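K.L.:
Can you keep this structure in mind? I'll have questions shortly.
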Amino acid sequence: MRHFLSTEDWSRPDLQAMIDRARLFRDSPAGDALKGKSVALMFFNPSLRTRSSFDIGVHQLGGHAVVLDARGQTWPVEIEEGAVMDGEPEEHVKEAARVLSRYVDLIAIRCFPKFQDWTAEREDPLIMAYARHATVPVINMETIVHPCQELALMMALQDRLGDVRGKDFLLTWVPHPKPLNTAVANSALLIASKFGMNVRLLIPDEVYRLDERYMSAAERFCAEAGSRLTVTTDPEEGYSGAHAVYGKSWGALPFYGNWDAEAPFRAKGAGFMIDDAKMALTDAGVVSHCLPMRRNVKIADSVVDSDAFLGIEEAENRLHVQKAIMERLIADAGQ
Ligand code: CP
């Protein structure tokens, strides 16, 4: 049984087929792939786009969505094998996943890392436990990667740029008052490299390099496509000639859970907001962000309100690509 946990598990032709199918859904939203079926949407963290677009997408495909506020409204779950459950968790994932699988045909999960121990959290333990024990496909709605966002981004890039192979994609760290999850940044690296773009990572300091797992995956995908991955701390080098700019903020992994010590490095990125002067260095580049986004901290109003901004299209595409993903998983599961 195939899950949709990371785009690393899927081939580029498979992902392109989902994007192509999403374009058909954009033109003709109704379908019956989920007729008589149910989908559990488990949210351990807040959401506007993911929650709305999945719920509406399930409805448009003829199904029923069970939206679970999983932090507070469902029982705390243990994921360790052989745990003596004398702490907070009231049930084990082995029961939770199998029981939910008797009710629904797909399980989608949003569970951000807790900013405690990256060595453990980089293994994405909760969604992996659900994927091991569920008997229906599991979809990642953002954990340490955000694969649905990846497809929405690539669909928006292709709509604006045409064939993206060989085009220059800049992933730039942008300021934010708080350290954030690396999921969307990891995902931007994965999808741009998988689709053959030249990927530039612009960071205020080397401490903002992303986890080696994603850096090396992007290097491998670029090598396979004949493109390249480069890392720079120089905004002029990063922006020069770029065809697409993607802004995201994240916490530096060497200071994971110890954010006070990160502050001096974060200060080095104070000038990293995406603004008109930086965009003028690009090759008439487009710009996007996964949203939510702090205006005039991450991206200047003038850029967000320009025709170059793809963030609204990218957000709309979440609805279309997620329907394509659900349809594909149901078909693959032979349901
Ligand atoms: N981009 C995204 O996942 O948005 P939400 O956090 O609002 O779902």
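The values are calculated or read from the model by the stated rules, or taken from the named source; none is laboratory data. Predicted model, so just to flag it, every value in this text is computed and none were measured. Positions of Cβ are generated from backbone atoms using ideal geometry, with glycine treated the same way; all protein chains shown enter the neighbour counts. Ligands, DNA and RNA are stripped out before the accessible areas are found, and what is left, the full protein with its side chains, is counted by its heavy atoms. Shrake-Rupley method; radii C 1.70, N 1.55, O 1.52, S 1.80 Å.
K.L.:
Give the stretch 139-188 a look and list any residue that's among the aliphatic types (A, V, I, L, M), out of contact with any Gly (no Cβ under 9 Å at 6 or more places or on another chain) and within 24 Å of Thr282 (Cβ to Cβ), or say none.
P.N.:
Result: Leu151, Ala152, Leu153, Met154, Met155, Leu157, Leu161, Val184, Ala185, Ala188.
K.L.:
Collect the residues in the stretch 30-89 that are within 16 Å of the ligand (Cβ to nearest atom), open to solvent by 50 Å² or more (accessible area, probe 1.4 Å), over 19 Å from Ile325 (Cα atoms) and not charged (D, E, K, R), keeping them in residue-number order.
P.N.:
Those that are within 16 Å of the ligand (Cβ to nearest atom), open to solvent by 50 Å² or more (accessible area, probe 1.4 Å), over 19 Å from Ile325 (Cα atoms) and not charged (D, E, K, R): Pro46, Leu48.
K.L.:
Within the stretch 137-157, is there a residue that is over 30 Å from Phe309 (Cβ atoms), surrounded by 24 or more Cβ atoms within 10 Å (Cβ to Cβ) and not assigned by TED's automatic domain parsing to the domain that holds Cys290?
P.N.:
Yes: one or more hits.
K.L.:
If Val164 meets every condition in (1) in a strand (DSSP E or B); (2) open to solvent by less than 10 Å² (accessible area, probe 1.4 Å) apart from one, which number is that one?
P.N.:
(1)
K.L.:
Can you find a residue that is open to solvent by 10 Å² or more (accessible area, probe 1.4 Å) and closer than 23 Å to Ala300 by Cα anywhere in the stretch 221-232?
P.N.:
The answer is yes; a qualifying residue exists.
K.L.:
Next question, about the same structure. Only one of these is more than 19 Å from Val138 (Cβ to Cβ) and among the small types (Gly, Ala, Ser): Gly63, Gly72, Gly57. Name it.
P.N.:
Exactly one of Gly63, Gly72, Gly57 is more than 19 Å from Val138 (Cβ to Cβ) and among the small types (Gly, Ala, Ser), namely Gly72.
K.L.:
Which pairs have Cβ atoms under 6 Å, sit 6 or more apart or on different chains, and link a residue in the stretch 208-230 that is within 21 Å of Phe265 (Cα to Cα) to one that is in a helix (DSSP H, G or I)?
P.N.:
Within 6 Å, the pairs are Leu210/Ala185; Leu210/Asn186.
K.L.:
Mind listing whichever residues of the stretch 290-320 are open to solvent by less than 40 Å² (accessible area, probe 1.4 Å), touching a residue at least 60 places away in the same chain (Cβ under 8 Å) and within 14 Å of the ligand (Cβ to nearest atom)?
P.N.:
Correct list: Cys290, Leu291, Lys298, Leu310, Glu314, Ala315, Asn317, Arg318, Leu319.
K.L.:
Considering the stretch 120-163 alone, what residues qualify as being within 28 Å of Leu24 (Cβ to Cβ), free of Cβ contacts under 8 Å to residues at least 60 places away in the same chain and either in contact with a strand residue (DSSP E or B) (Cβ under 9 Å, 6 or more places away or on another chain) or hydroxyl-bearing (Ser, Thr, Tyr) (or both)?
P.N.:
Residues satisfying the conditions do not exist here.
K.L.:
How many residues are within 18 Å of the chain's Cα centre (by Cα) and either hydrophobic (A, V, I, L, M, F, W, C) or open to solvent by less than 30 Å² (accessible area, probe 1.4 Å) (or both) if we restrict to the stretch 105-117?
P.N.:
8
K.L.:
List pairs: first residue in the stretch 21-37 and of a type in the set (D, E, K, R), second residue open to solvent by 30 Å² or more (accessible area, probe 1.4 Å) anywhere in the structure, Cβ distance under 6 angstrom, at least six positions apart or on different chains.
P.N.:
Within 6 Å, the pairs are Asp32/Gly62; Lys35/Gly62; Lys37/Asp105.
K.L.:
I'd like the residue in the stretch 233-255 that is within 16 Å of Pro177 (Cα to Cα) and either at pLDDT below 95 or open to solvent by less than 30 Å² (accessible area, probe 1.4 Å) (or both) and, out of all such residues, is nearest to the chain's Cα centre (by Cα).
P.N.:
Lys248
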